[in-house]
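Student: I'd like to ask you about the structure that follows.
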Amino acid sequence: MSDTLTVRELKSLGGGKPFAAVLVARRLNPKTASNGNAFLSAEFGDRTGSFLCTVFSDNPAYEALKAAPDGSVLRLEGKMEFYQNRIAPRLAKAAVLDESELKAPGVLDGLVEASPEDPAALWAEFQGFVGALRHPELAATVRGVFDEIGEAFRVSPAAVMMHHGYRHGLLEHTTRMARAAKALLPLYPEVDPDLALAGVLLHDIGKTVEYEGTLAPRKSRPGILQGHVVLGYQMVRKAGLKARLDPERLERLEHVILSHQGKLEWGAAALAATPEAVFVSMIDNLDARMGMVQAALRQAPAGQEFSERLPGLETPLLTRPIAG
């Protein structure tokens, strides 16, 4: 596959240039335009990034893409074009790779986007935060949740699109939140440190059930029908009752899970109404947004001043470093 380009290389390619790339179809959504014509809203990616692409029914690649399930690995060929400062490739060919091609050295390794941090080091650091909990039943609740879900937490993404949407992304996001909590807790003596740290460690635990798939993470049936906030609440309540956590702390811990999304329109089941819930929701929002920033900086082509518009920030990001 040495003749193919990565997503980062595609974004640096000049307009009108031909290209070939081996990418994962992360999303292939069939839609209908206002004039009645069918098209696909597609997202393709590899470990260096992703991009959106519209494929109309008269495109030579349309039928092959329409028949390909999400998560397919495809060889794409076409010509690079731009629309409103975004890459908008015009595809000419699309073919799903067969099993022998997928087993070629380096193919899958180049497709699975993963945390830029070492997952083993992240997991060791995460376990240190769990071990720092002093309240016995609260610590037992946290350990009980992670004993039940096992390996899933270590590999799960934290999202499909918005932030930390890659392998080990949930572990990275949660560990970074714990680092922030450790640094900020001394500034806010009103916040119970054990309860806040437990809330950080457990806030997104429902995502281990909400998402499935390796090459193209997508929402599972429980993820669609219940969502990670409700799923996480159920897991934490079960573990808290088993650990005999006192009702006051259990209610407050459950409230952190139910309110951590910050706003009802963002998916929160309740608005943060305790010091610990406010603390956790704000750190969650901070790391989610900075995760978007960090991903945009990693994926920025050399010499490009601004990223594409980031939906989570509602603006393009200035990616050029400060001169000098």
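Student: Taking the range 270-282 as the search range and keeping residues that are of a type in the set (A, V, I, L, M, F, W, C) and surrounded by fewer than 24 Cβ atoms within 10 Å (Cβ to Cβ), which one is nearest to the chain's Cα centre (by Cα)?
Tutor: Met282
Student: With Thr54, Thr4 as the choices, which residue is of a type in the set (Val, Ile, Thr) and free of Cβ contacts under 8 Å to residues at least 40 places away in the same chain?
Tutor: Going through Thr54, Thr4 in turn, the sole match is Thr54.
Student: Right, here's the next one. Test of understanding: among Ala181, Ala198, which residue is touching a helix residue (DSSP H, G or I) at 6+ places or on another chain (Cβ under 7 Å), small (Gly, Ala, Ser) and buried (at least 24 other Cβ atoms within 10 Å of the Cβ)? If you could, list the steps in order and put the result at the bottom.
Tutor: Values: Ala181 fails: buried (at least 24 other Cβ atoms within 10 Å of the Cβ).
The match here is Ala198.
Student: In the range 113-129, how many residues are in contact with a helix residue (DSSP H, G or I) (Cβ under 7 Å, 6 or more places away or on another chain) and surrounded by 15 or more Cβ atoms within 10 Å (Cβ to Cβ)?
Tutor: Qualifying residue count for the region: 7.
Student: Determine which single condition Gly106 fails, assuming it passes every other condition in (1) exposed (fewer than 14 other Cβ atoms within 10 Å of the Cβ); (2) more than 25 Å from the chain's Cα centre (by Cα); (3) not acidic (Asp, Glu).
Tutor: So Gly106 meets the others, but not (2).
Student: State the number of residues belonging to the range 235-269 that are more than 17 Å from Val142 (Cα to Cα) and either exposed (fewer than 15 other Cβ atoms within 10 Å of the Cβ) or β-branched (Val, Ile, Thr) (or both).
Tutor: Total satisfying the criteria: 5.
Student: Give Glu254, Glu308 a once-over and let me know the one that is of a type in the set (D, E, K, R) and touching a residue at least 24 places away in the same chain (Cβ under 8 Å).
Tutor: Glu308
Student: A follow-up question, please. Between Leu133, Leu138, which is in contact with an Asp or Glu (Cβ under 6 Å, 6 or more places away or on another chain), modelled with pLDDT of 95 or more, buried (at least 18 other Cβ atoms within 10 Å of the Cβ) and not in a loop (DSSP other than H, G, I, E, B)?
Tutor: Details: Leu133 fails: not in a loop (DSSP other than H, G, I, E, B).
When all the criteria are applied, what remains is Leu138.
Student: Right, something else. Yes or no: the range 34-49 includes at least one residue that is under 22 Å from Lys103 (Cβ atoms), at pLDDT 90 or above and either among the aliphatic types (A, V, I, L, M) or surrounded by 14 or more Cβ atoms within 10 Å (Cβ to Cβ) (or both).
Tutor: Residues of the range 34-49 that are under 22 Å from Lys103 (Cβ atoms), as a first pass: 44-48.
Still in the list and also at pLDDT 90 or above: 44.
Now restrict to residues that are either among the aliphatic types (A, V, I, L, M) or surrounded by 14 or more Cβ atoms within 10 Å (Cβ to Cβ) (or both): 44.
Yes, some residue in the range 34-49 is under 22 Å from Lys103 (Cβ atoms), at pLDDT 90 or above and either among the aliphatic types (A, V, I, L, M) or surrounded by 14 or more Cβ atoms within 10 Å (Cβ to Cβ) (or both).
The values are calculated or read from the model by the stated rules, or taken from the named source; none is laboratory data. Nothing here was measured: the structure is a model prediction, and the numbers come from that model. As a convention, Cβ positions derive from the backbone with ideal geometry for all residues, glycine included, and neighbour counts pool all protein chains shown.
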